[in-house]
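Notes for the one structure printed next.
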Amino acid sequence: APQLDALIAANDGPFKFYLDRAKYANRYPGADPAYHRDEAVKLLAPLEERLAQHACLFGDAPSLADIAIFPFVRQFARADETVLIGLPRVAAWLAVMESSALFRAVMEKKAGAE
């Protein structure tokens, strides 16, 4: 679906660009972490709008877009817990995605694993 592909591409391209420079500014000469943080937050606005209609990005059940985008939004929110203050639907969606059985199973630490 074109909309799904476009949303994933925006996450993998511009959002990831700004996320990396906000979170790891020391790795990017000249990066301004506050500027990059603010630009990344702006790119979450379409998610907030979509989540006003449904529990997930393309309906009431997680889609490929939710699975693809969620880890990056989680990483961004974990780096700076204030980024989702103006995005209550994104924050709620993130909490639901983090509490999913699939995510918990994937993140479970295995004995002997580091």
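Quick notes on this structure:
- When nucleic acids and ligands are ignored and a 1.4 Å probe is applied, Phe17 ends up with an accessible area of around 90 Å².
- For Lys42 and Ile85, the difference between the fully extended length at 0.36 nm per residue and the C-alpha to C-alpha distance is 14.2 nm.
- Using a simple spin-label model with pseudo-atoms 7 Å out from Cα toward Cβ, Ser99 and Ala9 lie 3.5 nm apart.
- Value of relative contact order over the chain, rounded to a whole percent, pairs C-alpha under 8 Å and six or more apart: 22 percent
- The 1.4 Å probe gives accessible areas that order Asp32, Asp80, Asp60, largest first, as Asp60, Asp32, Asp80.
- Estimated purely from DSSP H runs of n ≥ 4, each contributing -39500 (n - 2.57), the mean residue ellipticity at 222 nm for the chain is -18000 deg cm²/dmol once divided by its residues.
- Net charge over other residues, Cβ less than 13 angstrom from the Cβ of Leu64 (K, R count +1; D, E count -1): -3
- Stretch gain in nm, segment Ala31-Gln53, where the contour uses 0.36 nm per residue and the Cα spacing is subtracted: 4.4 nm
- Karplus-derived 3J(HN,Hα) values for segment 92-99, using 6.51 cos²θ - 1.76 cosθ + 1.60 with θ = phi - 60°, are 5, 4, 4, 4, 5, 5, 5, 8 Hz; glycine and proline are entered as x.
- Computed on the chain, the Cα convex hull volume stands at 114 Å³ per residue.
The values are calculated or read from the model by the stated rules, or taken from the named source; none is laboratory data. Please read these numbers as outputs of a predicted model, since none were measured by experiment. Note: ideal-geometry Cβ built from the backbone for every residue, glycine included; neighbour counts use all protein chains shown. Only protein heavy atoms, including side chains, enter the accessible area calculation; ligands, DNA and RNA are left aside. Shrake-Rupley method; radii C 1.70, N 1.55, O 1.52, S 1.80 Å.
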